[in-house]
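Only one structure is covered here, and it is reproduced in the block below.
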Amino acid sequence: MRIDIITVVPELLVSPFGHSMMKRAKDRGLLEIHTHNLRDHTPYKQGQVDDYQFGGGAGMVMMPEPLAILLDKLMAERTYEEVIYMTPDGPLFDQRTANMLSLRENMIIICGHYKGIDERIRQHYVTREISIGDYVLSGGELAAAVVVDAVGRLLPGVLNDETSALFDSFQDGLLAPPVYTRPANFRGWEVPEVLLCGDPKKIDDWRYEQSVKRTKERRPGMTE
Ligand code: 6GU
């Protein structure tokens, strides 16, 4: 999978992709991430990429021209399956969307800043908008990192135990059950006995019960 990220703060995207799962995905050639500094593509002086909004009001808007220039350049090099705009007013990101995006060959992700990007870019280039939750971040970069992580870990060969994504919270519409490791007795706090009984059916049943209980308590509405 190839992901091109358009940003005015490329520094924000260095660290999230340099470690652990994302590093493994890149090292194994399963995921290629290209970040593009929008300021390198503006026709305006001094790297200007934003301007005051028509109609007045506080806050700057990202101008259409630098974005269109960079998008045209990328789209002339290959066909992209998605042009995603990260924005708090987009549809909420969830596991279903992550699963779907993990099947794409490539995508462009635009990170907004200030008051966002000129509406005409949304109308004429963007194929999908994503918010990661109902709160406002100062820019789309951290949100893009969340999406890339959630999608990247689903690529075949990224997880060490390939089956483990199948048992993630949300994959079956339920939250994951509690997990325990050694020691069985830590400061007098015991691991549930059923996990030590060696009967896979009993253990599966217990985990399922716990998942349902957790989901009802923490995500009422998700089980209905
Ligand atoms: Cl995608 N961008 C920004 N700036 N804030 C957000 C967001 C995105 N998702 C939630 N808050």
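Read-outs throughout are calculated quantities, based only on the coordinates presented, and are distinct from any laboratory measurement. Nothing here was measured: the structure is a model prediction, and the numbers come from that model. Please note: Cβ atoms are built from the backbone with ideal geometry, for glycine as well, and neighbour counts cover all protein chains shown.
Ordering Leu67, Ala98, Ile84 by Cα displacement along the dipole of the range 2-152 toward the positive end leaves Ala98 in first place; charges were set at the Cβ atoms of Lys, Arg (+1) and Asp, Glu (-1). For the range 92-200, chymotrypsin sites (Phe, Trp or Tyr not before Pro) are listed when DSSP marks them as loop and at most 13 other Cβ atoms sit within 10 Å of their Cβ; the list is Tyr135, Tyr180. Note on Lys45/Glu77: beta-carbon distance plugged into 1/(1 + (r/R0)^6) with R0 of 22 Å gives a FRET efficiency of 0.25. Estimated from helical segments only, the mean residue ellipticity of the chain at 222 nm is -9000 deg cm²/dmol, where each DSSP H run of four or more residues counts as -39500 (n - 2.57). Against the chain, whose longest principal axis is taken from its Cα atoms, helix 200-218 shows a tilt of about 50°. Subtracting the Cα-Cα distance of Leu142 and Phe54 from their residue separation scaled by 0.36 nm leaves 28.9 nm. Other residues whose C-beta falls under 12 angstrom from the C-beta of Phe93 contribute a net charge of -2, scoring Lys and Arg +1 and Asp and Glu -1. The count of lysine pairs in the chain whose Cα atoms are under 29 Å apart, excluding pairs fewer than 8 places apart on the same chain, comes to 9. Note on the chain: GNM, Cα springs under 10 Å; of Ile117, Ile203, Ile108, the largest mean-square fluctuation is that of Ile203.
Determine the shape class of the range 46-142: with a ≥ b ≥ c the square roots of the Cα gyration tensor eigenvalues, call it rounded for a/c under 1.5, and otherwise prolate if a/b is greater than b/c, oblate otherwise. Here the range 46-142 falls in the oblate category. Count Lys and Arg as plus one, Asp and Glu as minus one, and take only other residues whose Cβ is under 13 Å from that of Val194; the net charge is then -3. To the nearest 0.05, how large is the calculated FRET efficiency for Gln95 and Leu196 if R₀ is 41 Å and r is the Cβ-Cβ distance? Between Gln95 and Leu196 the formula returns 0.85. For the range 98-192, trypsin sites (Lys or Arg not before Pro) meeting the loop criterion (DSSP other than H, G, I, E, B) and having at most 12 other Cβ atoms within 10 Å: Arg187.
Quick check for me: using +1 on Lys/Arg Cβ and -1 on Asp/Glu Cβ, what's the dipole size of the range 40-164 about its Cα centre, in debye to the nearest 20? Result for the range 40-164 is approximately 140 debye, rounded to the nearest 20.
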